[in-house]
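The values are calculated or read from the model by the stated rules, or taken from the named source; none is laboratory data. Here the structure is a predicted model, which means the values were calculated and not measured. Note that we place each Cβ from the backbone using ideal geometry, even for glycine, and neighbour counts take in every protein chain shown. Remember, those area values only see protein heavy atoms, side chains included, never the ligands or the DNA or RNA. Shrake-Rupley method; radii C 1.70, N 1.55, O 1.52, S 1.80 Å.
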Amino acid sequence: MKLLVALAFILILASLGSALFFLMKDKGKSNRTVKALAFRVGLSIALFVLILIANHLGWIQPTGIR
């Protein structure tokens, strides 16, 4: 589970980086930046839902505040 969450964070950061690259390269003339940011939002929502499901199924356990 830790590997899956780490991979999701890496993909989210890569999508954010590609959006920055498209923003600088295209100078607002295409919609590739919007698509990259929409993909990042989709990945973030999917990761959140995955964490909720994993918690509900008992794959991960909350540690609480120490």
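Heavy atoms of the protein only, probe of 1.4 Å, neighbouring chains included. What is the accessible area of S18 in Å², nearest 10?
Rounded to the nearest 10, that gives 40 Å².
What's the carbon and sulfur percent of the chain's accessible surface, probe 1.4 angstrom, rounded to a whole number?
Of the solvent-accessible surface of the chain, carbon and sulfur hold 74 percent.
Let me cross-check F22: its accessible surface, 1.4 Å probe, with only protein heavy atoms counted, in Å² to the nearest 10?
50 Å²
Determine the principal axes of the Cα atoms in the chain, then give the extent along each, sorted from largest to smallest and rounded to whole angstroms.
Largest first, the chain extends 47, 20, 20 Å along its Cα principal axes.
For the pair A38 and I10, how long in nm is the line joining their label points, each one 7 Å along Cα→Cβ?
About 2.7 nm separates the two model spin labels.
Only residues of the stretch 1-42 count here: report those whose backbone N is under 13 Å from the spot 7 Å along Cα→Cβ of A54, or say none.
1-10
Taking only protein heavy atoms into account and a 1.4 Å probe, give the accessible area per residue of the chain in Å².
Details: 5440 Å² over 66 residues.
Result: 82 Å² of accessible area for each residue.
Stretched out fully, how many nm does the piece from K29 to T63 gain, at 0.36 nm a residue minus the Cα gap?
Result: 7.5 nm gained on full extension.
Which far-off residues, 5 or more places away or on another chain, put their amide H under 5 Å from the one on I60, with H placed in the peptide plane?
Correct list: N55.
For the chain, with the dipole built from +1 on Lys and Arg beta-carbon atoms and -1 on Asp and Glu ones, taken about the Cα centre, which of L43, S15, G64 lies farthest toward the positive end?
S15
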